[in-house]
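Report on one structure; see the data block that follows.
The values are calculated or read from the model by the stated rules, or taken from the named source; none is laboratory data. None of these values were measured; they are calculated from a predicted model. Cβ atoms come from the backbone with ideal geometry, glycine included; neighbour counts cover every protein chain shown.
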Amino acid sequence: MIRILLADDYTIIRKGVRQILTQAYPNAEIEEIEEGEEWTEKLKASTWDMIISDVPCVERGGFNVLEHIRQEFPGLPVLILSLYTKEHYAFKALQAGASGYLGKDAAPDELLWAVRQILAGKKCIAIPAEYN
């Protein structure tokens, strides 16, 4: 069974991503949190196979949360799902320890592709060419 922690400030994004994942992985356990909630408590309370998260305020150093997760839980893969679709944000996320980066404008198939890649231990970036 796959266990995914899904973090985003917007309920509609969390529900949509959850629906896509549940259709592809019907036995997956998916838990949702808002980004403002305490990450550390949630991560210490259970074992997760991956995190899918937006990064709050990328332009103001939002990758600090990702760096903290990387320090506390070094083997836990994180897929960043963000409105920031410029390539340099994706590279910054990977440098901060993300396993992958996907724009929120991605198609459901792209999300599932990214999840499969990350669960297989690979890294991935999917940003539409028109946004680079």
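Under 6 Å by Cβ, and 6 or more places apart or on different chains, what pairs join a residue from segment 1-17 that is charged (D, E, K, R) with one that is exposed (fewer than 13 other Cβ atoms within 10 Å of the Cβ)?
Matching pairs, first to second residue: Asp9/Glu34.
Can you name the residue in segment 99-129 that is of a type in the set (Val, Ile, Thr) and touching a residue at least 40 places away in the same chain (Cβ under 8 Å) and is also nearest to Glu87 (Cα to Cα) among such residues?
Ile127
Could you tell me which of the residues Tyr101, Tyr84 is closer than 15 Å to Cys124 by Cα, aromatic (Phe, Trp, Tyr) and either crowded, with 17+ Cβ neighbours inside 10 Å or over 13 Å from the mean Cα position of the chain (by Cα) (or both)?
Tyr101
Select the strands (runs of 3 or more DSSP E) contained entirely in segment 23-132, then report the ones holding at least 2 residues which are among the acidic types (Asp, Glu) and at pLDDT 85 or above.
Answer list for segment 23-132: 29-33.
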